[in-house]
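The values are calculated or read from the model by the stated rules, or taken from the named source; none is laboratory data. Since the model is a prediction, treat every value here as computed from it, not as a measurement. As a convention, Cβ positions derive from the backbone with ideal geometry for all residues, glycine included, and neighbour counts pool all protein chains shown.
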Amino acid sequence: MSLASRILGIPGLEVERVDWNTKIDVWAKPSKRPSCLYCGCHHLRIKATDTRTVKHSRQGNRVVMLHLKAPKYHCQACGRYFCHRFTGIRPRFRASEGYRLEVFEAHDGGVTQRKLSNTHNISSATVERWYRYHIDQKLSECSNRRCPEVMGIDEHFFTRKKGYATTFVDLGKHHVFDVQLGRSKASLRRYLKALPHRENVKVMVMDLSETYRSIARRYFPNATIVADRFHVVRLINHHFLNAWKQQDPEGRKNRGLLSLMRRHEWRLKDEQREKLGRYLDDYPGLKALYEAKQKLMRYVLLKMLTATRMANKLPGFLELIKQLHDSPLRTLAKTLDSWLQPIVAMWRFTKSNGITEGFHTKMEMMSRRAFGFRNFENYRTRVMAHCGWDGIINRV
């Protein structure tokens, strides 16, 4: 390979001359004749020669224009005709693949279409077309990828007309695996049945949704269902605050007491603990519920336990839930019994749906910038482009 070919990144070229003007014009031709595309014979006759002009790259603020002599060959063995093929330049295209990829990565990084139109000597419509081409190419590659071992599933709002959408997230690589319209078993049935390598999912993190739990049991048989810690903590606080409202409606309205009640006991300062203790002394029933809530929180926040430690902690947790059945928190106790296995699984795993919620915030910002989406496929394409991968096509 010649030095000029190495610099241009196109092998098999022989540079004839270079002109430096407002742009860099490079005249080149093939360094040798290829073999026949159809039979592999080397006995070729040049019937005609055409000149192809393509944009290739930018040197500083100048566009490199390649003027390539493209011979048309006639094979003496099979009698077929074909034009010379250049590496990295597709037939009938007026820009090389490297140039198109450069525009895509710049636009994906935030450079506007108008700016790229001025710097790369192309139209805004061309920028949009090239960008969409690379996105569709990447989506087609991602369509048959294997399901992740650790998957998060959650819902988010799409539009008032079409309702909610379900997000599948690869919690191991911090990427959105896919987004599908709907959040019911009926709306997701066709997609889940066609999803390849579903048996690869080992852990599935979700909130306390009965629909998603039934989906996990039906379509991901090898997955261990893990409850999302944030939703479990929020559920406990919700039921405790409702019980407090029944015990003391006026005290429930006090914002200072509300802040103290929501916090973990071990994070309170001494003066805060004394203030809360003086209030709870006037309500013995509420004080017992508060102490039960703090014990429950300590169990819920456990993580990274071995099988032996989990076996030691489980009897105390079950006894606490049994006591809650005979208290104003009996509804909470029933929910904890129903989700006992996913909640106990939190003690072993540290993954949560916080990554998924972060992607939902990013999706909401994308919808605001686009002033809303009507077509779900366009929305899914945009989500996968910005949340499903790192935006780099050819990683070396």
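Quick one: is SER57 among the small types (Gly, Ala, Ser), outside the structural domain of ASN118 (by TED's automatic domain parsing), in contact with a Leu (Cβ under 9 Å, 6 or more places away or on another chain) and surrounded by 14 or more Cβ atoms within 10 Å (Cβ to Cβ)? If you could, list the steps in order and put the result at the bottom.
Numbers: among the small types (Gly, Ala, Ser): yes; outside the structural domain of ASN118 (by TED's automatic domain parsing): yes; in contact with a Leu (Cβ under 9 Å, 6 or more places away or on another chain): yes; surrounded by 14 or more Cβ atoms within 10 Å (Cβ to Cβ): yes.
For SER57, the condition - among the small types (Gly, Ala, Ser), outside the structural domain of ASN118 (by TED's automatic domain parsing), in contact with a Leu (Cβ under 9 Å, 6 or more places away or on another chain) and surrounded by 14 or more Cβ atoms within 10 Å (Cβ to Cβ) - is met.
Given (1) within 30 Å of GLU155 (Cα to Cα); (2) in a loop (DSSP other than H, G, I, E, B), where does PRO328 come up short, assuming only one miss?
Here PRO328 clears every test but (1).
Hey, among the residues in region 332-367 that are of a type in the set (Ser, Thr, Tyr) and loosely packed, with under 13 Cβ neighbours inside 10 Å, which one's modelled with the highest pLDDT? It would help to see each step written out before you state the result.
From region 332-367, those of a type in the set (Ser, Thr, Tyr) are 335, 338, 350, 352, 356, 361, 367; that's our starting set.
This time we only want the ones that are loosely packed, with under 13 Cβ neighbours inside 10 Å, so: 350, 361.
Values: THR350: 86, THR361: 95.
Only one residue fits best here, namely THR361.
Quick check on this structure: which one of SER117, SER140 is assigned to a helix (DSSP H, G or I), closer than 21 Å to TYR379 by Cβ and of a type in the set (Gly, Ala, Ser)?
Details: SER117 fails: closer than 21 Å to TYR379 by Cβ.
Going through SER117, SER140 in turn, the sole match is SER140.
Listed here are the residues, each with its yes/no results for (1) in contact (Cβ under 8 Å) with a residue 60 or more places away in the chain; (2) assigned to a helix (DSSP H, G or I); (3) under 26 Å from ALA345 (Cβ atoms); (4) outside the structural domain of LEU332 (by TED's automatic domain parsing).
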residue	(1), (2), (3), (4)
ASN237	no, yes, yes, no
PHE240	yes, yes, yes, no
GLN246	yes, yes, no, no
MET261	no, yes, no, no
ARG273	no, yes, no, no
LEU286	no, yes, no, no
LEU289	no, yes, no, no
GLN294	no, yes, yes, no
TYR299	no, yes, yes, no
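May I ask you to list the residues in region 305-320 that are among the β-branched types (Val, Ile, Thr) and either at pLDDT 95 or above or in a loop (DSSP other than H, G, I, E, B) (or both)? Quick ask: steps written out before the conclusion?
Filtering region 305-320 down to residues among the β-branched types (Val, Ile, Thr) leaves 306, 308.
Within region 305-320, THR306 is the sole residue that qualifies.
Any idea which of (1) surrounded by 13 or more Cβ atoms within 10 Å (Cβ to Cβ); (2) part of a loop (DSSP other than H, G, I, E, B); (3) in the same structural domain as PHE220 (by TED's automatic domain parsing); (4) not acidic (Asp, Glu) is the one TYR164 doesn't satisfy?
(2)
Select the strands (runs of 3 or more DSSP E) contained entirely in region 29-110, then report the ones holding at least 1 residues which are among the polar types (S, T, N, Q) and in contact with a helix residue (DSSP H, G or I) (Cβ under 7 Å, 6 or more places away or on another chain). First the steps, then the outcome.
On the way: elements: 44-59, 62-75, 81-83.
Passing ranges, in order: 44-59.
What are the residues in region 93-114 that are of a type in the set (Val, Ile, Thr) and either crowded, with 17+ Cβ neighbours inside 10 Å or in contact (Cβ under 8 Å) with a residue 12 or more places away in the chain (or both), if any?
The one that is of a type in the set (Val, Ile, Thr) and either crowded, with 17+ Cβ neighbours inside 10 Å or in contact (Cβ under 8 Å) with a residue 12 or more places away in the chain (or both): VAL103.
Is there any pair with a first residue in region 60-71 that is touching a residue at least 12 places away in the same chain (Cβ under 8 Å) and a second that is acidic (Asp, Glu) whose Cβ atoms are under 7 Å apart and which are 6 or more apart or on different chains, and what are they?
Pairs that qualify, where the first residue is touching a residue at least 12 places away in the same chain (Cβ under 8 Å) and the partner is acidic (Asp, Glu), are MET65/ASP25; HIS67/ASP25; ALA70/ASP50.
Just to be sure, is LYS313 under 16 Å from TYR299 (Cβ atoms), touching a residue at least 12 places away in the same chain (Cβ under 8 Å) and among the charged types (D, E, K, R)?
Details: under 16 Å from TYR299 (Cβ atoms): yes; touching a residue at least 12 places away in the same chain (Cβ under 8 Å): yes; among the charged types (D, E, K, R): yes.
Judged against the criteria, LYS313 is a match.
Would you check which residues across region 275-284 are in a helix (DSSP H, G or I) and surrounded by fewer than 16 Cβ atoms within 10 Å (Cβ to Cβ) and list them?
Step one: of region 275-284, the residues in a helix (DSSP H, G or I) are 275-280, 284.
Residues satisfying the conditions are LYS275, GLY277, ARG278, PRO284.
In this structure, does MET384 turn out to be touching a helix residue (DSSP H, G or I) at 6+ places or on another chain (Cβ under 7 Å) and either buried (at least 18 other Cβ atoms within 10 Å of the Cβ) or farther than 28 Å from LEU286 by Cα (or both)? I'd like the intermediate steps shown before the answer.
Numbers: touching a helix residue (DSSP H, G or I) at 6+ places or on another chain (Cβ under 7 Å): yes; either buried (at least 18 other Cβ atoms within 10 Å of the Cβ) or farther than 28 Å from LEU286 by Cα (or both): yes.
So MET384 passes the test.
Pick out the one residue from ARG45, ARG17, ARG90 that is more than 30 Å from PHE104 (Cβ to Cβ) and without any contact (Cβ under 8 Å) to a residue 12 or more places away in the chain. Give the steps one after another, and end with the answer.
Details: ARG45 fails: without any contact (Cβ under 8 Å) to a residue 12 or more places away in the chain; ARG90 fails: more than 30 Å from PHE104 (Cβ to Cβ).
So the residue among ARG45, ARG17, ARG90 that is more than 30 Å from PHE104 (Cβ to Cβ) and without any contact (Cβ under 8 Å) to a residue 12 or more places away in the chain is ARG17.
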